[in-house]
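> Please find one structure pasted underneath; my questions will follow.
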Number of protein chains: 2
Amino acid sequence: VEPRGGGRGLRAAGIGWIAPWRHKLDGLGAAAAGRLIASAGLRVSSLCRGGFFPAPPGEREARAADNRRALEEAAELGGDVLVLVCGPPLGRDLAGARAEIAEGIERLCPAARELGVRLGIEPLHPMLVAERSAIVTLGEALDLAERFDPDTVGVIVDAYHVFWDPRLAEQLARAAGRILGFHVSDWVTPAGDLLASRALMGDGVIDLPGVRTLVEAAGYRGPIEVEVIDTKLAGRSGADVLAEVVERFSTHV
Amino acid sequence: VEPRGGGRGLRAAGIGWIAPWRHKLDGLGAAAAGRLIASAGLRVSSLCRGGFFPAPPGEREARAADNRRALEEAAELGGDVLVLVCGPPLGRDLAGARAEIAEGIERLCPAARELGVRLGIEPLHPMLVAERSAIVTLGEALDLAERFDPDTVGVIVDAYHVFWDPRLAEQLARAAGRILGFHVSDWVTPAGDLLASRALMGDGVIDLPGVRTLVEAAGYRGPIEVEVIDTKLAGRSGADVLAEVVERFSTHV
């Protein structure tokens, strides 16, 4: 649901939070979007996304500046969490990419503290390791986050990205005090397009109440973001999708 | 390459081993296939596959009998490793599926010992958790294997399935004495069909020499299986594909 419209519809449906994506703000600007969101009675749970740290040497400065700009936009929106999608390796060197990611986060920390925006490292599903993120397990995201102050760096738990992990319960217990966001959707079979098959909750195989129980046992009490990315929904009206999201959330999360 | 033809072509290309798939033996029989393979001067590195342990209660006996039959076929082929693709959960209960898998392996061990065939637990990529295997990391496969005698149960390391894992080096070091097979192919981007995108070595992003170094540092000296599953190769002749596999192996593994 884009911030331009629908804000009051969300509020009327009992939804108090929204998580904008940066590229959806183009042309409006973060400060104006923040005013629209606030005037609709909504709060910003997170801004998606900063990151993509591994870069050719000549592009690192521009990437760092863009990440700093993402932090400013999060603050202008009235949010206090920037989701980090950390980026894939440039070639075959996963270990090198992971080191570059750690350096990139370290470099971003002073601006994050200054702006009062926390950095949420989101581990993505391992199938996205070569296209979106070299950080692919919650354990690895926590190893990284624990190198920094918990007031500045934490993790985002997206059920779709982590549900498969045999160490999930153990790592969620460890994540206490570091969880900055919790995302839900569902994994359908047969798996389709890697980037457009995050189905409505209840359509797939993820034990969402089970994951939620673990997240809440780790002390997380913040908003839960519904992050469904499914081309099959594109033909339906926003109001129709919203009504179904609310129903699915109450039944399956 | 199917065992019916091409065996002497493999030998002439310097390849001494073949890993049949069970369903490719249909109509020929394992014993006859074993004689063909031996007469071509080849040895059987493994038989693919047993497993699929999670089953409705009414189907468990048939599944166990089929797994016992797979062990017999491995022995008839002259092989001593049966690859286990452990199977997905029936519903949303991953922990339950993992417990059923452990029970299924335990039940299969006496027949494996009796027939002199070892069980190789193959962790599959987490994107296949809901369709092929609830065992999705090398660490988890080792946790499972270590419950049994190393002469009976080990693991299969397939670079395609495990390359993404931030704990890979650590888990491969731990795997010393348990590695029963090593498979190579490559991961291409953008990722396509989940089951038919295992490309020729060198086409993708996996650091195959790096993985091979770790596997050999763990003491593995057995055959390396090329397991490419790529619909783009289907139109080419067996001899042509074989020549390219040999070239790619020498250059990229």
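> Consider the stretch B:76-103. How many of its residues are touching a Cys at 6+ places or on another chain (Cβ under 8 Å), over 10 Å from B:A134 (Cα atoms) and part of a helix (DSSP H, G or I)?
Counting residues in the stretch B:76-103 that are touching a Cys at 6+ places or on another chain (Cβ under 8 Å), over 10 Å from B:A134 (Cα atoms) and part of a helix (DSSP H, G or I) gives 0.
> In the stretch A:122-142, how many are open to solvent by 10 Å² or more (accessible area, probe 1.4 Å) and either polar (S, T, N, Q) or facing chain B (nearest Cβ under 8 Å) (or both)?
4
> Given the residues B:A19, B:A30, B:A38, which is the only one that is farther than 23 Å from B:A97 by Cβ, surrounded by 14 or more Cβ atoms within 10 Å (Cβ to Cβ) and either touching a residue at least 60 places away in the same chain (Cβ under 8 Å) or in contact with a Pro (Cβ under 8 Å, 6 or more places away or on another chain) (or both)? Give the steps one after another, and end with the answer.
Values: B:A30 fails: either touching a residue at least 60 places away in the same chain (Cβ under 8 Å) or in contact with a Pro (Cβ under 8 Å, 6 or more places away or on another chain) (or both); B:A38 fails: either touching a residue at least 60 places away in the same chain (Cβ under 8 Å) or in contact with a Pro (Cβ under 8 Å, 6 or more places away or on another chain) (or both).
None of the others qualify; the one that does is B:A19.
> Applying the selection to the stretch A:88-116, what residues are closer than 24 Å to A:V162 by Cα, away from chain B (no Cβ under 13 Å) and buried (at least 22 other Cβ atoms within 10 Å of the Cβ)?
If the condition is that a residue be closer than 24 Å to A:V162 by Cα, away from chain B (no Cβ under 13 Å) and buried (at least 22 other Cβ atoms within 10 Å of the Cβ), then A:G104, A:I105 are the ones that fit.
> Has the stretch A:61-72 got at least one residue that is on the phi < 0 side of the Ramachandran plot, modelled with pLDDT of 95 or more and within 14 Å of another protein chain (Cβ to nearest Cβ)?
No, that holds for no residue.
> Of these, B:P166, B:P190, which one is open to solvent by 10 Å² or more (accessible area, probe 1.4 Å), over 28 Å from B:L10 (Cα atoms) and modelled with pLDDT under 95?
B:P190
Residue by residue, here is whether (1) of a type in the set (A, V, I, L, M); (2) in a helix (DSSP H, G or I) holds:
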{"residue": "A:F53", "(1), (2)": "no, no"}
{"residue": "A:D66", "(1), (2)": "no, yes"}
{"residue": "A:L71", "(1), (2)": "yes, yes"}
{"residue": "A:A74", "(1), (2)": "yes, yes"}
{"residue": "A:I105", "(1), (2)": "yes, yes"}
{"residue": "A:P110", "(1), (2)": "no, yes"}
{"residue": "A:E114", "(1), (2)": "no, yes"}
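> Among (1) loosely packed, with under 14 Cβ neighbours inside 10 Å; (2) in a loop (DSSP other than H, G, I, E, B), which single condition is A:R8 missing?
(2)
> Also, quick follow-up: Only one of B:G154, B:G222, B:G210 is within 26 Å of A:P88 (Cα to Cα), at pLDDT 95 or above and open to solvent by less than 50 Å² (accessible area, probe 1.4 Å); which?
B:G210
> Hey, another quick one. So, restricting to strands (runs of 3 or more DSSP E) that lie completely within the stretch B:174-253, which ones have at least 1 residues that are of a type in the set (F, W, Y)?
Qualifying strands (runs of 3 or more DSSP E): B:179-184.
> Return the only residue of B:V184, B:V215 being touching a residue at least 60 places away in the same chain (Cβ under 8 Å), buried (at least 19 other Cβ atoms within 10 Å of the Cβ) and closer than 20 Å to B:I121 by Cβ.
Numbers: B:V215 fails: touching a residue at least 60 places away in the same chain (Cβ under 8 Å).
On inspection, the qualifying residue turns out to be B:V184.
> Considering only residues that are of a type in the set (V, I, T) and within 14 Å of chain A (Cβ to nearest Cβ), which ones fall in the stretch B:165-218?
B:V184, B:V188, B:T189, B:V205, B:I206, B:V211, B:T213
The values are calculated or read from the model by the stated rules, or taken from the named source; none is laboratory data. As the structure is a prediction and not an experimental result, all values here were calculated from the model. Positions of Cβ are generated from backbone atoms using ideal geometry, with glycine treated the same way; all protein chains shown enter the neighbour counts. What goes into the accessible areas is simple: the full protein's heavy atoms, side chains included, and nothing from ligands, DNA or RNA. Shrake-Rupley method; radii C 1.70, N 1.55, O 1.52, S 1.80 Å.
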